[in-house]
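A short worksheet on the structure shown next.
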Amino acid sequence: MTDIALLRRTAHYIGGSWVDPAESHSPLVVTDASDGSTLGTVPDGSAADVDRAVDAARAAFPAWAALSPSERSGALLRVRDALAERAADASRIISLEVGTTARIADAVQVGLPLKTLAGFADAALHISEDQQLGNSTVAREPAGVVGAITPWNYPLHQLVGKAGGALAAGCTVVCKPAGVAPLSAFILADAIAAAGLPAGVFNLVSGSGSVVGTALARHPGIDVLSFTGSTAVGAEIAAAAATNITRVALELGGKSASVILDDVELERAVKTSVNNAFLNSGQTCSAWTRLVVPRAAQERVIEIAISVAEKLTVGHPLDPATRLGPLASAEQQSSVLDYIAKGEQEARLVFGGSSAPEGFAEGYYVRPTIFADVDNRSQIAQQEIFGPVLCIIPHDGDDDAIRIANDSAYGLAGGVWCADEGRALAAARAIRTGQVDINGGAFNPIAPFGGFKHSGIGREFGLLGVEEFTELKAIQR
Ligand code: NAD
């Protein structure tokens, strides 16, 4: 059982203390994805709370920026350790908020942020030293106060990606988690408090995007606004931040392609691609939701894909037998079901569909669904569905496959499967996305992550992500 105090949060974390909201509003209700019941509540903050948090972060900035890299690195390792002590609670809560299965919640929702924090502690020690260019010394300095606005699908990972990177760089932070899954952000604040970080270096204000998110995006006291979420909201945020010429980093949506070329053994390529598409019930920005396959192999690909999907037992996220949990919210479920209904008009449904999975009248469950013979120009191939829906798209050779992969407004991630190393690398270089995995290359938490085109601006994670939270200064002598 989870301690009720972790589920009923009544205060924001500002200036090193838990403080009551400036205005009294009804709290935001967080629902349990498995049955729609109330899981917890968090404060519905206001612009006044954002003002207080930004003031605290500004006040804390000079001393935090002046610490040595090894002091900041040590502080991040203490946060990592304090978060590790809370890992079981964080994993269970994220499973219930988001619908992530317990195994993936342990490994990805919580295990990955712990690794990432250790990576940031190391990166803090390796930020580029001053560089001499002619008569200039070029120095990297912390950029200032970072506003972090995060989504609900990997709530702790995305928050750690911003707050950890910013703190490593010497910046201070004000963050606003998504209303659908805000509770792990409070656990991170608990860990930061327990780790004894100086007051004001990390501040947390919960609330709606339209009030707290907008107040943060428009705030003149923010130096870098780092946002992860949908492309539509990212564009609004960039416009709001432009009022103060605030630098923005945007990690947005995706519609990534796994491209199978004609010389590979299909079994592993298809299995890995299908599991990638359905990770976290498809609520993954980098999911390979388009499987681009040789036309002659499509029917065999469908057979393998169905055999993988059949093993994705739908169920309660905390049941160890479950391989596919519910979606995070009623809105998400209804939007995904609408896309499946569109798909039934646009393409050939070969698995799943829009009917409710048996035995799940409550909760936000959707069946794993596969469409074949998908036209890449159709809506299900162009729009981010963010649910367990895979589009199989036939191609007519390498150039056609790459054309299809690039025929997208997005450019976040992708995969290439090819037995020939040179051909695989040529395809990977030709695909216009921020990440490409060849033959199932493993996710690397210290590699830069981010997108081309409508998938965003800037990169997060690892040393390159930390350096995005710095400014360059040229000093001439
Ligand atoms: P969203 O855009 O609806 O919300 C993201 C955050 O922005 C939330 O905290 C929300 O409260 C806030 N927000 C909403 N409207 C706002 C406004 N007008 N001003 C300021 N803040 C506002 O996204 P979501 O539904 O929470 O998350 C799903 C989306 O996130 C998907 O599109 C997914 O692809 C994307 N995502 C991208 C990455 C990446 O790294 N590229 C990672 C995860 C998720």
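The values are calculated or read from the model by the stated rules, or taken from the named source; none is laboratory data. Worth saying up front: this structure is predicted, and the values here are computed from it rather than measured. Quick reminder, even Gly has a Cβ in these numbers, built from the backbone with ideal geometry, and neighbours come from all protein chains shown. Surface accessibility is based on the protein's heavy atoms, side chains included, excluding ligands, DNA and RNA. Shrake-Rupley method; radii C 1.70, N 1.55, O 1.52, S 1.80 Å.
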Residue that is surrounded by fewer than 15 Cβ atoms within 10 Å (Cβ to Cβ), assigned to a helix (DSSP H, G or I) and assigned by TED's automatic domain parsing to the domain that holds E303, where the choices are A341, A401, A405: A341
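Which residues, counting only those in the range 287-315, are part of a loop (DSSP other than H, G, I, E, B) and surrounded by fewer than 22 Cβ atoms within 10 Å (Cβ to Cβ)?
K311, L312, T313, G315
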Pairs where the first residue, in the range 189-216, is of a type in the set (F, W, Y) and the second is in a loop (DSSP other than H, G, I, E, B), C-beta under 9 Å, 6+ apart: F202/G16
Residues within the range 67-97 that are open to solvent by 20 Å² or more (accessible area, probe 1.4 Å), assigned to a helix (DSSP H, G or I) and in contact (Cβ under 8 Å) with a residue 12 or more places away in the chain, tallied: 12
Entirely in the range 149-254, the helices (runs of 4 or more DSSP H) that have 1 or more residues that are within 19 Å of R78 (Cβ to Cβ) and touching an Asp or Glu at 6+ places or on another chain (Cβ under 9 Å): 155-169, 183-194
Matching residues in the range 258-296 - criterion: being within 15 Å of the ligand (Cβ to nearest atom) and hydrophobic (A, V, I, L, M, F, W, C): A277, L279, C285, A287, W288
Flag if A428 is under 16 Å from S256 (Cβ atoms), without any contact (Cβ under 8 Å) to a residue 24 or more places away in the chain and not charged (D, E, K, R): yes
Search result, residues across the range 1-41 that are among the charged types (D, E, K, R) and open to solvent by less than 80 Å² (accessible area, probe 1.4 Å): R9, D32, D35
Selection within the range 438-469 - open to solvent by less than 70 Å² (accessible area, probe 1.4 Å), in contact with a Pro (Cβ under 8 Å, 6 or more places away or on another chain) and more than 12 Å from the ligand (Cβ to nearest atom): G462, F469
